[in-house]
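Read through the structure below, which is laid out as structure tokens, and then see the notes.
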Amino acid sequence: MNDVLNLVLAAVILGLAAWTIVAREAYAAVVGFIAYGLLLTLVWVQLHGVDVALTEAAIGGGLTGALLIGAAARLRSTEARARAERPGQATRWLAAAFSAAVTGALAVVVLLLPVPAPTLAPEVVAHIAVTGVGNPITAVLLAFRAMDTLLEAIVLLFALIGVWSLAPDRAWGGRPGLLQPVDPNGMLAYAARVLPPIGIVAGAYIFWVGADHPGGKFQGATLLAAMWLLVMMAGLADAPPTSRAWLRWLLVAGPLAFIGIGVVGAVHAGAFLAYPEGFAKPLILVIEFALMPTLTLILGLMLLGAPRRGETS
Amino acid sequence: MSAILDGFTVVAVMTGAVFFLAGTVGLLRFPDSLSRLHALSKADNLGLGLVMLGLLPHVDSVAGGLKLVCIWLLVLLSGSTASQLIARTLQRGGSQS
């Protein structure tokens with residue numbers, strides 16, 4: 001029974017992937033991609049990678065999907081012109097051959113992997129006790145490979161600066177996004193009043209259980225950012241001007257705390273980002289708490305886009 | 001007793017699946033967007049509701065059952081909000097296709 005389900009899942013995912021490539025309109029391709037991401041979540045659940053499934057659902061399907069829908073909506077007016085200048089037959093065949101070669105090479109590499117695959121999982125399980133956290137994923141992300149997580153947070157910050165830098169000069173430092181018309185009795189305003197309490201509790205819960213169970217700051221922050229965006233889309237609150245000092249401090253607070261703790265580790269434990277013995281769990285918690293608002297703001301602001309209005313509108 | 005509960009589960013989940021099937025057929029075959037929305041909401045509301053109802057006898061705890069009901073209510077809320085937004089866009093003269 002499970003095999004049948006897996007086969008159907010694989011077939012539908014391949015079909016959706018093909019659809020995303022051949023769809024003529026950007027919007028149709030984006031819809032295909034979002035469905036693809038959500039089905040990929042099911043694949044990760046089938047593989048018992050619940051942490052990855054949560055991240056894929058929140059970031060891969062949800063957040064990236066919303067970003068792509070925005071991009072497709074903006075590209076709509078130029079789409080006809082872009083399609084008019086199709087590349088020549090030779091270029092398209094070359095691109096197809098190159099893509100097929102990459103796929104083939106990936107397939108060969110995957111098939112040639114040694115069985116059993118080389119893994120560090122036993123090492124993680126053997127040493128997880130010293131970190132004080134119960135979820136091995138969290139232990140890897142914030143203790144054994146904390147450097148990767150730090151760089152990830154900094155990359156997100158750079159991405160947001162990149163988005164902001166697309167602002168026209170007169171709107172620099174202003175509010176991102178368009179001013180939403182308020183319809184206080186509308187359905188969206190109703191949803192924006194009912195959903196956030198539930199979403200905030202769920203986000204905080206996913207963040208908090210991340211220490212011992214699947215979950216964590218990224219998934220929790222995505223939920224919180226979604227609730228924030230919902231309130232702004234319904235016109236119940238306006239986006240903050242990007243020049244506000246509190247906003248910018250919160251944006252760098254997470255990475256700064258992370259680096260600060262790393263330096264403390266360099267002095268007291270002998271290596272950058274090493275935790276002094278016995279302090280691993282509290283320090284991991286401090287980093288998580290500092291990163292949470294930073295990630296929420298970055299993810300939300302990234303979806304809002306570049307500043308487009310002055311501070312006072 | 002457990003045979004009756006199992007029978008209830010089978011009937012409820014199957015009926016829910018029929019609503020999903022009907023909703024999908026409607027989504028593909030109905031001529032205009034408003035009727036398609038109508039077909040889709042049947043799958044969301046009744047289809048998922050019946051599947052949820054069928055699973056209720058098999059949950060381990062009261063909290064588990066409440067979670068199932070909450071999931072259904074949340075889908076109801078988001079589904080009706082999205083339908084309302086799409087319908088309003090149509091009314092204001094969005095694309096008719």
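Bear in mind these aren't lab numbers, they're just calculated from the coordinates by the rules spelled out. Just so you know, these numbers come straight off a predicted model, no measurement behind them. We place every Cβ from the backbone using ideal geometry, glycine too, and count neighbours over all the protein chains shown.
Worth a mention:
- Amide H contacts of A:Ala167 (H built 1.01 Å from N, under 5 Å, at least 5 apart or other chain): none
- Which of B:Lys67, A:Lys217, A:Lys281 has the fewest Cβ neighbours within 10 Å, and the rest in rising order: B:Lys67, A:Lys281, A:Lys217
- Spin-label model, B:Ser35/A:Gln46: points 7 Å from Cα along the beta carbon direction are separated by 3.6 nm.
- Computed from backbone phi, the HN-Hα couplings of the stretch A:124-140 come to 4, 4, 5, 10, 5, 4, 5, 7, x, 9, x, 8, x, 4, 5, 4, 5 Hz, rounded to whole numbers (Karplus: 6.51 cos²θ - 1.76 cosθ + 1.60, θ = phi - 60°; Gly and Pro given as x).
- Of all complete DSSP H helices in chain B, those with a Cα span along the helix axis of 20 Å or greater and a mean Kyte-Doolittle hydropathy of -1.0 or more are B:2-29, B:62-91.
- Ranking of A:Glu56, A:Glu25 by count of other Cβ atoms within 10 Å, fewest first: A:Glu25, A:Glu56
- Fluctuation leader among A:Leu251, A:Leu179, A:Leu94 - chain A, Gaussian network, Cα springs under 10 angstrom: A:Leu94
- Long-range HN-HN contacts of A:Arg308 with modeled amide H, under 5 Å: A:Arg175, A:Gly177
- Prolate/oblate/rounded call for the stretch A:1-101, Cα gyration tensor, a/c under 1.5 rounded: oblate
- Of A:Ala139, A:Ala253, A:Ala11, the one that fluctuates the most in a GNM where chain A has Cα springs shorter than 10 Å: A:Ala11
- Contour minus Cα-Cα distance for A:Ala80 and A:Asp212 (0.36 nm per residue): 42.4 nm
- Prolate/oblate/rounded call for the protein assembly as shown, Cα gyration tensor, a/c under 1.5 rounded: rounded
- Span-rule helices in chain A, defined as complete DSSP H runs reaching 20 Å or more along the axis (Cα) with Kyte mean at least 0.5: A:2-22, A:26-46, A:89-112, A:146-164, A:187-209, A:217-233, A:245-268, A:280-304
- Around the Cα centre of the protein assembly as shown, unit charges on the Cβ atoms of Lys, Arg, Asp and Glu (plus for the first two, minus for the last two) sum to a dipole of about 1400 debye.
- Gyration tensor (alpha-carbon) shape descriptor, chain B, a/c threshold 1.5: oblate
- Modelled label reach - A:Ala96, point 7 Å along Cα→Cβ, the stretch A:4-41 residues with backbone N closer than 19 Å: A:15-25
- Residue order for A:Ile259, A:Ile287, A:Ile34, B:Ile71, fewest other beta carbons within 10 angstrom first, comes to B:Ile71, A:Ile259, A:Ile34, A:Ile287.
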